[in-house]
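The values are calculated or read from the model by the stated rules, or taken from the named source; none is laboratory data. Note that the structure is a prediction, hence the values are computed from the model and not measured. For neighbour counting, all protein chains shown are included, and Cβ atoms are generated from backbone atoms with ideal geometry for every residue, glycine included. The protein model used for the area step is the full one, side chains on, heavy atoms only, and it has no ligands, DNA or RNA in it. Shrake-Rupley method; radii C 1.70, N 1.55, O 1.52, S 1.80 Å.
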4 protein chains.
Amino acid sequence: VGEGTVTVIAGPCAVESPEQLMLTARAMRARGASMLRGGAFKPRTSPYSFRGLEEEGLKLLAEARAETGLPIVTEVMSEATVQLVAKYADVLQIGTRNAQNFFLLEEVALAGKPILLKRGMSSSIQEWLLAAEYILAKGNSNVIMCERGIRTFETAARNTMDINAIPLIKELSHLPVVADPSHGTGKRKLVEPVSLGMVAAGADGLILEVHPDPEHALSDGAQSLTFDIFSSVMENVAKVAAAVGKKMERSAVTA
Amino acid sequence: VGEGTVTVIAGPCAVESPEQLMLTARAMRARGASMLRGGAFKPRTSPYSFRGLEEEGLKLLAEARAETGLPIVTEVMSEATVQLVAKYADVLQIGTRNAQNFFLLEEVALAGKPILLKRGMSSSIQEWLLAAEYILAKGNSNVIMCERGIRTFETAARNTMDINAIPLIKELSHLPVVADPSHGTGKRKLVEPVSLGMVAAGADGLILEVHPDPEHALSDGAQSLTFDIFSSVMENVAKVAAAVGKKMERSAVTA
Amino acid sequence: VGEGTVTVIAGPCAVESPEQLMLTARAMRARGASMLRGGAFKPRTSPYSFRGLEEEGLKLLAEARAETGLPIVTEVMSEATVQLVAKYADVLQIGTRNAQNFFLLEEVALAGKPILLKRGMSSSIQEWLLAAEYILAKGNSNVIMCERGIRTFETAARNTMDINAIPLIKELSHLPVVADPSHGTGKRKLVEPVSLGMVAAGADGLILEVHPDPEHALSDGAQSLTFDIFSSVMENVAKVAAAVGKKMERSAVTA
Amino acid sequence: VGEGTVTVIAGPCAVESPEQLMLTARAMRARGASMLRGGAFKPRTSPYSFRGLEEEGLKLLAEARAETGLPIVTEVMSEATVQLVAKYADVLQIGTRNAQNFFLLEEVALAGKPILLKRGMSSSIQEWLLAAEYILAKGNSNVIMCERGIRTFETAARNTMDINAIPLIKELSHLPVVADPSHGTGKRKLVEPVSLGMVAAGADGLILEVHPDPEHALSDGAQSLTFDIFSSVMENVAKVAAAVGKKMERSAVTA
């Protein structure tokens, strides 16, 4: 992830079953995603919601990688499970609710893997960069910043995607920055136009929620793309990337 | 302004002098802007700030139109001056602070000119559409919606540009929607990337502040583009517009 | 309104009929309110909502004053109607949507009556004070600041009442400041505790919406108090006022 | 902490030295505080700020309790240190940045001590109650909710104290709720009026930062009270508490 290319990370919000994951992983690879995302540990507002398959989910992700070759991006929510998650994942994701969980930031830094650091839903740009500094200060410089929308008064979308954040992060740091239009909008129909916009504004990549059957997803169905819409996003993002002088990174699709 | 094209409205925040305005108007035309913006009545937070040249400013705008052929977009702040402003302007702008000044909305609707309706800085999408309804209900259907950033906790930029608003307005109405990255960011360096992003997301146009000497502007200097940066914006917006299947509308530049 | 006392302004959101207004006006006087509020011109998000009885409403307010002796506080929404409203009202209210309608602020200043200046729903303290400055600069020093809640991400209440604003306005200016817990909460059950809190924090008064039959109010029914709850508010506010060394100003009720 | 009384928790933001802590602890007891607060693990935006004395700080807190009899409230930031902190503390505090750190919430619940749960700076009332549910669901029903201000556009204070939250929490749950005007305002001069307001609105207590020499505090000096101002707060809070029919709980001060 970085200068000159656009990298797409895609997959289901949560790993739900072997079938759901494998189907999605293959579809993502066939459509050119560079990495597979999927949650085994899910931060849920209510303790009574589905909270993920935990280690079973991690194993499924590793199997999906074995079959598709796609590196795995998955969230780590707890210091106690950093080692466990790091055993399976290629990139460790810190979620928005842990964006200022400083002990977790330090622990995850030490795992020696790249970190995808989501912006806190009410973190200022400065606070977000200082959260990254907790990781950098532990000697891990592989931090990918992820703008995922901030909390504002507007309720027509789940969050307000902060497009200004992209050039601001570029100006204030040397870290790559990707965008998460799935959470930044919360609505399937908004994901494509906002994906195009974030790439045009300079985002180095996108992280997208995709599900074989969004209506029956165990979490975030309303914002998950179908495979068909994902194909359209990939095609149009490639055009916009070219227009701003970037190459779309693609998994060895045509192989 | 509308489907299939990208229209650029450009000019100084405030009309300051004949020289400043003519210089800018010629430069905007030469670089392909479709309309000239410039404030004769300026809404200022403090009563002690420069508040515009008023009718003298309107006359200068009309002269600039006579020379360049560019239609004029300028703000009307008061019911009492609607007729005066409408005498000179081609498009009447309602500013963010008057976005729910319902008597002004109705009065301006009756002037029979197209209205550029800026979103209130804390208006929800629904409130903004209902503000437009005040104009439509008076029989004026020429309303151009203008996303200019909303007020949030983030202070690294002047406002938070709401990219989600572009596809939301498209989904919920048939009105054209343009973006104002000058106010949406408040920072010169952010204007170009955010302009590209908003066009990629579907904006039908841009309204941009440009000044021959931003350091000495009487208002909004920090967010005003130089002529050179404006040229760059035009060139790159055209590329992004093409990438999303749109034509960049250009004044008959090369004529 | 000012130092050492707590003044209560009460009445219906909108003047709806002679019966509704007179019934309320008498009840407010009997329960100790110092002034009567009531809207004849109503700012409504949608043009299709009830927008007030206009001059007919102003006449009813004047009749209510004639009978009860309570001074009238009512909103003026438009430069064109400042003279009309000033003919009937004792205090001219500027609503939250016009908090930065600078021409209206200047016009209303010239009417020579005290102004109740509501804070804009996204106005900073500084912007609100500078809005007052538009009135003061025209030679009218009778400005009453009114905190009515600001717009935030929280949706459990209609607005977020900004209690910090009370001591901040006291520190930064010499203007009296009252609180509007009806709009600050939007929920009947919250009005009493928040009223007590704002007075304890130093508010010089309260402005409260009361309706003889809130369930059938034409606007803001959900936040309007019944007469009984209003009695309870008056009783408990008086106790809190005493605890912070203030006198509760009462209309010469039982006299 | 609970119905009918007002409990005051006071002490320094961070435990800095034996002298600073003992001096403050004695002063708090002499002035009637019911519990002593003080941070041994400090969540700081930057990794390069003072982050607390850690276990050494916990020991000092235990010594202060031994001398003054005041129970200790201190923050736990990490699952790995829950047992350590629980060994010394009487009440375990979850800070605003960990308000949705769900693994920490569950771990701390199991320590069997009362939990002071600060509201996330952008948590809705509903999200905050569901965070409490993570603790309750683990069988720990001793949760004290703590309103500490939310993040809004307003920058005149550090946060916007949400007074509406007090009656809302009372209406929606049976949990006690206290207010933290130190963080809710960030400014020493605002702490007293806002303390009075929050108690009048129904808060069951206050948590206040006090420092023997705020100008030289290692953290949060600008919002820390001097001992003299704290005395004034205690005196006036007692009056307001009485006015709303509550008893001020006091440590057996003069004994």
Roughly what % of Cα-Cα distances in the protein assembly as shown sit above 46 Å, to the whole percent?
34 percent
Computed P(r) (all Cα pairs; the stretch A:58-113; 5 Å bins; percent)
4, 22, 30, 21, 13, 8, 2, 0
Partners for residue C:138 among aspartates and glutamates (Cα-Cα distance below 17 Å; same-chain residues under 8 apart left out)
C:79, C:106, C:107
Amide H neighbours of residue A:6 under 5 Å, counting only residues 5+ apart in sequence or on other chains, H built in-plane at 1.01 Å?
A:247, A:248, A:249
As an exercise, use a Förster radius of 25 Å and the Cβ-Cβ distance of residue A:110 and residue A:87 to find the FRET efficiency, rounded to the nearest 0.05.
0.95
Scattering from the C-alpha atoms of the stretch A:170-232 alone, worked out with Debye: what is log10 I(q)/I(0) at q = 0.17, 0.28 1/Å?
-0.57, -1.17
Return the chain A residue and its Cβ-to-axis distance, rounded to the nearest Å, for the rotation relating A to D.
A:122, 2
Whole angstrom only: what separates the Cα centroid of the stretch D:112-185 from the Cα centroid of the stretch D:12-33?
25 Å
May I ask for the Kirkwood hydrodynamic radius of the stretch A:64-158, worked out over all distinct Cα pairs and given in angstroms to one decimal?
13.8 Å
Going 7 Å from Cα along the Cα-Cβ axis for the label, what nanometre distances separate residue A:55 from the same residue across the other copies?
2.9, 8.2, 8.3
Two-site label geometry, residue C:126 and residue B:235: point separation in nm, points 7 Å out along Cα→Cβ
3.8 nm
Calculate for chain C the 222 nm mean residue ellipticity that helices alone would give, adding -39,500 (n - 2.57) per DSSP H run of length 4 or more and normalising by residue count, nearest 500 deg cm²/dmol.
-11500 deg cm²/dmol
Answer check: the stretch A:82-133, Cα atoms, Kirkwood Rh, Rg/Rh ratio of 0.97
Can you give the FRET efficiency to the nearest 0.05 for residue D:189 and residue A:171, using r as the Cβ-Cβ distance and R₀ = 35 Å?
0.45
Charges only on Cβ, +1 for Lys and Arg, -1 for Asp and Glu: so what's the dipole of the protein assembly as shown about the Cα centre, in debye to the nearest 20?
0 debye
What shape does the stretch D:142-183 have by the C-alpha gyration tensor, where a ≥ b ≥ c are the square roots of the eigenvalues, rounded means a/c under 1.5, and otherwise prolate means a/b greater than b/c and oblate the rest?
prolate
So for the protein assembly as shown: antiparallel DSSP bridges make up what percent, rounded to the nearest 5?
5 percent
What gaps in nm, shortest first, separate residue D:137 from its twins in the other copies when you place the label 7 Å past Cα toward the beta carbon?
3.3, 4.6, 5.6
Residue with peak Gaussian network fluctuation, chain D [Cα springs, cutoff 10 Å], from D:179, D:156, D:165
D:156
With a cap of 16 neighbouring Cβ atoms within 10 Å, and only residues DSSP puts in a loop, list the GluC sites (Glu not before Pro) found in the stretch B:14-86.
B:54
What are the label-to-label distances in nm, one decimal and shortest first, from residue D:155 to the same spot in the other copies, with labels 7 Å along Cα to Cβ?
0.4, 2.9, 2.9
How much space per residue, in cubic angstrom, does the convex hull of the C-alpha atoms of the stretch D:2-77 take up?
98 Å³
If the reach is capped at under 28 angstrom between alpha carbons, list the lysines near residue C:247, excluding any in the same chain fewer than eight residues apart.
C:113, C:118, C:170, C:187, C:189, C:239, D:187, D:189, D:239, D:246, D:247
Pairwise label distance in nanometres, residue C:46 with residue C:26, each label 7 Å out on the Cα-Cβ vector
3.5 nm
Hey, what's the per residue convex hull volume over the C-alpha atoms of the stretch D:134-212, in cubic angstrom?
109 Å³
Semi-axis lengths (Å, descending) of the ellipsoid that matches the C-alpha gyration tensor of the stretch C:196-255:
24, 14, 9
Pairs of Cα atoms under 8 Å, at least six residues apart: use those to get the relative contact order of the stretch A:177-255, whole percent.
29 percent
Share (percent) of C-alpha pair distances in the stretch A:121-161 greater than 13 Å works out to 58 percent
Rounded to the nearest 5, the percent of DSSP beta bridges in chain C running antiparallel is 5 percent
Protection-proxy order for peptides A:221-233, D:182-194, D:2-14, each taking the mean of Cβ atoms within 10 Å per residue, highest first
D:182-194, D:2-14, A:221-233
From the C-alpha coordinates alone, can you work out the Kirkwood hydrodynamic radius of chain B, in Å?
17.8 Å
Can you pull the accessible area of residue B:207 for me, 1.4 Å probe, Å² to the nearest 10?
0 Å²
If every Lys and Arg gets +1 and every Asp and Glu gets -1 at its Cβ, then about the Cα centre the stretch D:90-214 yields a dipole, in debye to the nearest 20, of 240 debye
For the stretch D:227-251 and the stretch A:192-255, what is the separation of their Cα centres, given in Å?
58 Å
